[in-house]
Structure formats: structure tokens, C-alpha cells
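*Asks:* Below you'll find the structure I mean.
Derivation of every value follows stated rules applied to the coordinates shown; laboratory data play no part. Not measured: the values here are computed from a predicted model. We place every Cβ from the backbone using ideal geometry, glycine too, and count neighbours over all the protein chains shown.
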Amino acid sequence: MILIDIDLSLEGNAVLDQIFDKVDNLLYAGQFYDISMFLRYIDCSKCSLDVLLALLTMTAPAKSHLLNRPFFYENVRQELKKRGENADHLLVGLK
């Protein structure tokens, strides 16, 4: 398993650039297990809204290959509700 080294505490474009670069490369290489494990252990409470939505958006095309994505999606949904966000609206098309 490859460790996906992304500093999720970064803000704005810095973290989004890391996510897009690393996750896109892994998706292209077909390393779905690594991405799935990464999604499994993300602490959603420590991620910005942009990071959570970016991860769901990037992984949506490969969702049938990512066993932990439904778990991640549900964690994101619950976290958004805790933050008072309209989760149903924000997550349209990302399940």
C-alpha cells in the first residue's frame, strides 16, 4: 500500500493542488485500494468543506472501485450536518 501524503490541514489552493495531483495520479494508475484506504481514515472534522467536496468529486468516477467511499461519503454528510451546512444540497450527484 502506498501512503498518500497530503497535508489536509493546509488551506485553500495548497491542499487542493496536493489532492488533485496525488489522487489523480493514483486513479490514473488504477491504485484504487490505496485511495480507498486513504478515504477510510480521513478525519472529516479536520478538513475544510472544499477538501471534503474535492475528494468526493474526484473519486466519484471510480466509486465502484473504492470500497470505502460510501463510508467516507456518509462521514462527510454527517460532518456537514454538524457544521450546519445543507448537506443534501451540497452533496447532490456525489453519492
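*Asks:* Let me spell out the model: positive unit charges on the Cβ of Lys and Arg, negative unit charges on the Cβ of Asp and Glu, origin at the Cα centre of the chain. What dipole size does that give, in debye rounded to 20? Show your work: numbers first, answer last.
*Replies:* Numbers: 10 positive and 13 negative charges, 94 e Å.
Its charge dipole is roughly 440 debye.
*Asks:* Determine, for each peptide in 65-74, 38-47, the mean count of other beta carbons within 10 angstrom over its residues, then list the peptides with the highest first.
*Replies:* 65-74, 38-47
*Asks:* Please compute, for the alpha-carbon atoms of the chain, the extent along each of the three principal axes and give them in descending order in Å.
*Replies:* Principal extents (Cα only, largest first): 36, 28, 19 Å.
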